[in-house]
Amino acid sequence: MITVRDNDFWRGTEKIGYILDNDIYDHNGKKLGYFEGAHIYDYSGRKVAYILGNEVISTTDEDQKFKLDENHRHVVGGALSDAARAAARLFLGD
């Protein structure tokens, strides 16, 4: 589970990353990716997922998809959009 505190992402007591505008970074400051509207891109600009209805669908792994409402149990806290929460889960893990 990822917990959102301010602009930081935590797993337990370990800070694992942060969000700045629409960009997701790891704890070392390396940009992992970003989101625009309902689309999620990796650091190089390649689309890796998108939101369609209540699902996040991967463009790189056809078996990877999850429901937005279920994602709220994996990325908790904070005031982030569904796209931001989905990007955090995709880039920082579960």
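Determine which single condition ASN22 fails, assuming it passes every other condition in (1) loosely packed, with under 13 Cβ neighbours inside 10 Å; (2) of a type in the set (S, T, N, Q); (3) touching a strand residue (DSSP E or B) at 6+ places or on another chain (Cβ under 6 Å).
Every listed condition holds for ASN22 apart from (1).
Across the range 8-25, what is the number of residues that are without any contact (Cβ under 8 Å) to a residue 40 or more places away in the chain and within 21 Å of GLU36 (Cβ to Cβ)?
Qualifying residue count for the region: 5.
Can you tell me which residues in the range 26-69 are β-branched (Val, Ile, Thr), in contact (Cβ under 8 Å) with a residue 12 or more places away in the chain and surrounded by 12 or more Cβ atoms within 10 Å (Cβ to Cβ)?
ILE40, VAL48, ILE51, VAL56, THR59
Looking only at the range 65-82, how many residues end up being closer than 20 Å to GLU36 by Cβ and either part of a strand (DSSP E or B) or among the charged types (D, E, K, R) (or both)?
Residues meeting the conditions: 4.
Counting residues that are of a type in the set (D, E, K, R) and more than 15 Å from ALA83 (Cα to Cα), which strands (runs of 3 or more DSSP E) fully inside the range 1-64 reach at least 2?
So the answer is 8-11, 14-20.
Could you check the range 78-94 and list, in sequence order, the residues that are crowded, with 18+ Cβ neighbours inside 10 Å and either small (Gly, Ala, Ser) or under 14 Å from LYS67 (Cα atoms) (or both)?
ALA83, ALA84, ARG85, ALA86, ALA87, ALA88, ARG89, LEU90
Every number here is computed from the coordinates shown, using simple stated rules; none is lab data. Not measured: the values here are computed from a predicted model. Heads up, the Cβs are rebuilt from the backbone with ideal geometry, glycines too, and the neighbour counts pull from every protein chain shown.
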